[in-house]
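Some notes on the structure that comes next.
The values are calculated or read from the model by the stated rules, or taken from the named source; none is laboratory data. Note that this is a predicted model, so its numbers are computed, not measured. For neighbour counting, all protein chains shown are included, and Cβ atoms are generated from backbone atoms with ideal geometry for every residue, glycine included.
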Amino acid sequence: MERHIEQTMKTLKIVKNYSAPSTAFQLKDINLTVPDIPGKRFVMMLHDADVYGFPRQIIDGFHDAVPAVVNKKEWGLLTLYEGREYGYVELPDIWAQFFWDLWDWSTDYRLPRGRIERYYTKTTNTGTFAYATPGSLMEVYISMVEKSRSHTDSWSPEVGARDIVTGRNLGNSRRYEWLFRPCAGQMAMVRADRGSMWELEALDVLKPPPTISYVENRPWLYGWATEQSTVGLPPKPYQKWVVSNYPQNEVAFRVHGWSEKPGLPIPLMSKGGSILIKKNACVELTPGARWSPYIPAK
């Protein structure tokens, strides 16, 4: 294992040659099509406009965009394993590497690898934070697994969690934890009809991760991370509001002067290979039809 860690860190420190996006560059989160597989049904998890009737942050009286993470209460999301419910799960080293590889794939491998340039502390948060090479994949990765982010608000590298990808806290056996919840707009494949709920297929963290090509060809096993804004879409009174992608890839591209705005995928994770969700928190998708994770369904 230590040899594997050493080799992984050597690999991550290599800065690959990269070229600026061109007309050949294809964003992976647009012009999407629902899979057409005989006997299979696909659903999309509803957005705030469909569930609350308005953006979630209006409840708390603020207007900044927020991660549109699907929750247990309104969406009825249920994650169970051996009769016990789970939310945050310690992420095995090989799955942390899978995250790195997936986010690399999402930009067509355009970003330089980068490295941690320095460490610093914040007056508004506790822990030791890492500053990575601007515009690099390392910057994207660190931003996604950082303390107080949408899916790492439990136990993170900034407070001592082990992270093989960045080489932080390798002497600690306890790895960082990831929230096993998708974002609104997630497409999923129905595994079984459970009455008022759908059982949906998901990646199983208890097994080794698949290859990126395997997941790429099964788009129901990952979702495009979404943010809910308070920007209304005409006409008034508003019934729909702008939903956008997580900004990490877009920010990295901007450093290089690239105008493309790649979305950021999040694996649909589970213990055991499936999750449950209320049927009325989803809309069924038509096989072969166009769809978008950023457009409310109703």
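For region 166-188, which positions are surrounded by fewer than 22 Cβ atoms within 10 Å (Cβ to Cβ), in contact with a Phe, Trp or Tyr (Cβ under 6 Å, 6 or more places away or on another chain) and either modelled with pLDDT under 95 or not charged (D, E, K, R) (or both)?
Once the filter is applied, which keeps residues that are surrounded by fewer than 22 Cβ atoms within 10 Å (Cβ to Cβ), in contact with a Phe, Trp or Tyr (Cβ under 6 Å, 6 or more places away or on another chain) and either modelled with pLDDT under 95 or not charged (D, E, K, R) (or both), region 166-188 yields only Leu179.
Across region 76-104, what is the number of residues that are of a type in the set (Phe, Trp, Tyr), touching an Asp or Glu at 6+ places or on another chain (Cβ under 7 Å) and more than 12 Å from Tyr176 (Cα to Cα)?
The number of residues fulfilling the criteria is 0.
Looking at region 215-226, can you tell me whether even one residue there is over 30 Å from Gly53 (Cβ atoms), without any contact (Cβ under 8 Å) to a residue 60 or more places away in the chain and more than 16 Å from the chain's Cα centre (by Cα)?
Looking through region 215-226, at least one residue is over 30 Å from Gly53 (Cβ atoms), without any contact (Cβ under 8 Å) to a residue 60 or more places away in the chain and more than 16 Å from the chain's Cα centre (by Cα).
Each row is one residue, and each column tells you yes or no for (1) under 18 Å from His151 (Cβ atoms); (2) at pLDDT below 95.
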| position | (1), (2) |
| --- | --- |
| Lys40 | no, no |
| Leu46 | no, no |
| Ile58 | no, yes |
| Ala68 | yes, no |
| Gly76 | no, no |
| Tyr88 | yes, no |
| Leu91 | yes, no |
| Trp100 | yes, no |
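Pick out the one residue from Trp100, Trp75 that is surrounded by 14 or more Cβ atoms within 10 Å (Cβ to Cβ) and within 16 Å of the chain's Cα centre (by Cα).
Selected residue: Trp100, the only one of Trp100, Trp75 that is surrounded by 14 or more Cβ atoms within 10 Å (Cβ to Cβ) and within 16 Å of the chain's Cα centre (by Cα).
For Leu102, only one of the following conditions fails: (1) touching a helix residue (DSSP H, G or I) at 6+ places or on another chain (Cβ under 9 Å); (2) farther than 21 Å from Pro293 by Cα; (3) not assigned by TED's automatic domain parsing to the domain that holds Val242. What is its number?
(2)
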